[in-house]
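Engineer: The structure follows.
The values are calculated or read from the model by the stated rules, or taken from the named source; none is laboratory data. Given the structure is predicted, the values throughout are model-derived calculations rather than measurements. Here the Cβ is made from the backbone with ideal geometry for all residues, glycine too, and neighbour counts use every protein chain on show.
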Amino acid sequence: MDRRKFLQTSALALAGTAAVPAEAGRVLAPRGSKDGFTMWQLNTQANLIGNSYVFLTDQGRVCVMDGGYRQDEPYLRGFLAHLGNKVDTWFVTHPHVDHMGSLTSILREPRGITIRRIYHSRFSDEYIESRPVDVKHCRNFYRALDESNGIEIFDVRQPGTEGSVDGLHFRFLSVTDETIKKNTYNNNSMITRVWDRRKSVVFLGDMGQEAAEKILASPYKADLDCDYLQMAHHGQWACKKSFYEAIRFRACLWSTPRKFWDNDDGKGPGTSIYEVPKTLQWMNELGIKEHHVSWMGLWQLD
């Protein structure tokens with residue numbers, strides 16, 4: 001099955017379809033980009049802000065970044081089914097429900113999905129309690145991790161930790177730093193660089209200004225330069241323009257619902273307090289002309 005046919009049939013993912021057939025133990029799924037990976041930015045379900053990316057390596061292995069809200073789960077399950085239901089590596093930027101809600105549900109009820117390993121950077125009990133509104137979902141996620149069987153769980157504690165899955169290479173530029181006392185969950189997003197021989201992507205998760213200042217002063221500042229940059233906190237109430245001015249990139253990835261994009265909470269475009277249009281204006285001023293927005297549909301990077 002070539003990638004074009006895969007994209008056509010992936011619309012069935014909404015129904016959570018079963019895995020594609022296998023011949024002699026080999027799943028009939030497309031391989032990723034030659035000498036590297038193919039990546040999909042999954043489109044939001046129910047116009048939510050979930051952060052969800054799926055990778056397919058040049059040798060046919062699957063990786064996931066975050067995975068989105070629980071409301072994104074049926075679509076994600078169907079997408080993974082078309083790729084064989086085997087996830088080699090799952091990256092979790094931070095324990096916010098719009099990033100790990102689907103994964104929490106899958107860990108509790110795999111329904112045929114197998115996961116080899118998960119990378120995250122765990123919060124202490126004290127830090128979990130720093131935002132009462134997030135405590136329940138965070139603890140549910142950690143409980144699901146702790147109770148999972150047969151999955152290698154990597155709690156990344158050292159910036160610069162790196163690895164690879166076939167032609168897909170990754171490096172964690174930041175990990176949990178509990179000296180940051182403001183905007184705690186977002187500011188402890190694990191910033192991740194992913195690259196192959198032809199392209200690079202940096203995932204900022206929900207990084208806030210305090211974490212932005214920290215990473216710019218770190219030995220990993222140069223690793224922020226990339227081809228594709230996932231906009232911090234969906235482009236909304238995150239870091240300042242000075243952060244984006246300090247790094248080099250050529251395209252933006254927006255895991256953003258339409259109401260953020262249009263600054264519309266139901267009364268029409270431009271009538272709410274969302275800051276995405278301001279962030280987009282910053283990008284225009286920086287000369288960035290390529291934008292991929294999750295509410296606009298599924299997008300593929302080869």
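Engineer: Of the residues that sit in the stretch 200-211 and are over 17 Å from the mean Cα position of the chain (by Cα) and surrounded by fewer than 24 Cβ atoms within 10 Å (Cβ to Cβ), which one is farthest from residue 238 (Cα to Cα)?
Structural biologist: The extreme case among them is 210.
Engineer: Please list, ordered by first then second residue, the pairs with beta carbon atoms under 8 Å, 6 or more apart or interchain, first in the stretch 97-112 and closer than 18 Å to residue 63 by Cα, second of a type in the set (S, T, N, Q) and outside any loop (DSSP other than H, G, I, E, B).
Structural biologist: As it stands, the answer is 101/71; 102/52; 104/140, since those pairs meet every condition given.
Engineer: Looking at 105, 174, 130, 124, which one is touching a helix residue (DSSP H, G or I) at 6+ places or on another chain (Cβ under 6 Å), among the hydroxyl-bearing types (Ser, Thr, Tyr) and over 25 Å from residue 40 (Cα atoms)?
Structural biologist: When all the criteria are applied, what remains is 130.
Engineer: Only one residue in 228, 274 is hydroxyl-bearing (Ser, Thr, Tyr), in contact with a Leu (Cβ under 8 Å, 6 or more places away or on another chain) and surrounded by 16 or more Cβ atoms within 10 Å (Cβ to Cβ). Which one? Quick ask: steps written out before the conclusion?
Structural biologist: Values: 274 fails: in contact with a Leu (Cβ under 8 Å, 6 or more places away or on another chain).
Being hydroxyl-bearing (Ser, Thr, Tyr), in contact with a Leu (Cβ under 8 Å, 6 or more places away or on another chain) and surrounded by 16 or more Cβ atoms within 10 Å (Cβ to Cβ) holds for just one of 228, 274, which is 228.
Engineer: Shifting gears a bit: Just name the residue that is nearest to residue 51 (Cα to Cα) out of those in the stretch 69-81 that are in contact with a Leu (Cβ under 8 Å, 6 or more places away or on another chain) and assigned to a helix (DSSP H, G or I).
Structural biologist: Once the filter is applied, the top-ranked residue is 72.
Engineer: Check residue 84 against each of (1) assigned to a loop (DSSP other than H, G, I, E, B); (2) closer than 23 Å to residue 157 by Cβ and name the one condition it does not meet.
Structural biologist: (2) is the only condition that residue 84 fails.
Engineer: Can you find, within the stretch 41-73, the residue that is surrounded by the most Cβ atoms within 10 Å (Cβ to Cβ) among those that are in contact with a strand residue (DSSP E or B) (Cβ under 9 Å, 6 or more places away or on another chain) and hydrophobic (A, V, I, L, M, F, W, C)?
Structural biologist: 55
Engineer: Oh, and also: Is one or more of the residues making up the stretch 206-216 closer than 22 Å to residue 283 by Cα, touching a residue at least 40 places away in the same chain (Cβ under 8 Å) and assigned to a loop (DSSP other than H, G, I, E, B)?
Structural biologist: Looking through the stretch 206-216, at least one residue is closer than 22 Å to residue 283 by Cα, touching a residue at least 40 places away in the same chain (Cβ under 8 Å) and assigned to a loop (DSSP other than H, G, I, E, B).
Engineer: If we keep just the residues of the stretch 118-140 that are under 19 Å from the mean Cα position of the chain (by Cα) and hydroxyl-bearing (Ser, Thr, Tyr), which is farthest from residue 151 (Cα to Cα)?
Structural biologist: The selected residue is 121.
Engineer: Would you be able to say whether some residue in the stretch 45-68 is under 20 Å from residue 110 (Cα atoms), modelled with pLDDT under 80 and in contact with a Lys or Arg (Cβ under 8 Å, 6 or more places away or on another chain)?
Structural biologist: No, because not a single residue in the stretch 45-68 is under 20 Å from residue 110 (Cα atoms), modelled with pLDDT under 80 and in contact with a Lys or Arg (Cβ under 8 Å, 6 or more places away or on another chain).
Engineer: Looking at the stretch 165-207 only, could you name the residues that are touching a Ser or Thr at 6+ places or on another chain (Cβ under 9 Å) and among the small types (Gly, Ala, Ser)?
Structural biologist: 167, 174, 189, 205
Engineer: Further question: Working only within the stretch 176-196, note down all residues that are of a type outside the set (S, T, N, Q) and within 27 Å of residue 110 (Cβ to Cβ).
Structural biologist: First, pick out the residues of the stretch 176-196 that are of a type outside the set (S, T, N, Q): 177-178, 180-182, 185, 190-191, 193-196.
Residues satisfying the conditions are 185, 190, 194.
Engineer: Cβ-Cβ distance below 6 Å, separation of 6 or more or different chains: which pairs start in the stretch 150-172 with a residue that is at positive phi and end on one that is assigned to a loop (DSSP other than H, G, I, E, B)?
Structural biologist: 166/58; 166/59; 166/61
Engineer: Moving to a separate point now. Do the conditions hold for residue 235, that is, is it surrounded by fewer than 15 Cβ atoms within 10 Å (Cβ to Cβ) and within 18 Å of residue 68 (Cβ to Cβ)?
Structural biologist: So residue 235 does not fit the description; no.
Engineer: Another one. From 106, 151, 118, 128, grab the single residue that is over 30 Å from residue 236 (Cα atoms) and surrounded by 14 or more Cβ atoms within 10 Å (Cβ to Cβ). Spell out how you get there, then give the answer.
Structural biologist: Values: 106 fails: over 30 Å from residue 236 (Cα atoms); 118 fails: over 30 Å from residue 236 (Cα atoms); 128 fails: over 30 Å from residue 236 (Cα atoms).
Going through 106, 151, 118, 128 in turn, the sole match is 151.
Engineer: Identify, by number, the condition in (1) in contact with a Pro (Cβ under 8 Å, 6 or more places away or on another chain); (2) in a strand (DSSP E or B) that residue 201 doesn't meet.
Structural biologist: Of (1) in contact with a Pro (Cβ under 8 Å, 6 or more places away or on another chain); (2) in a strand (DSSP E or B), only one is false for residue 201: (1).
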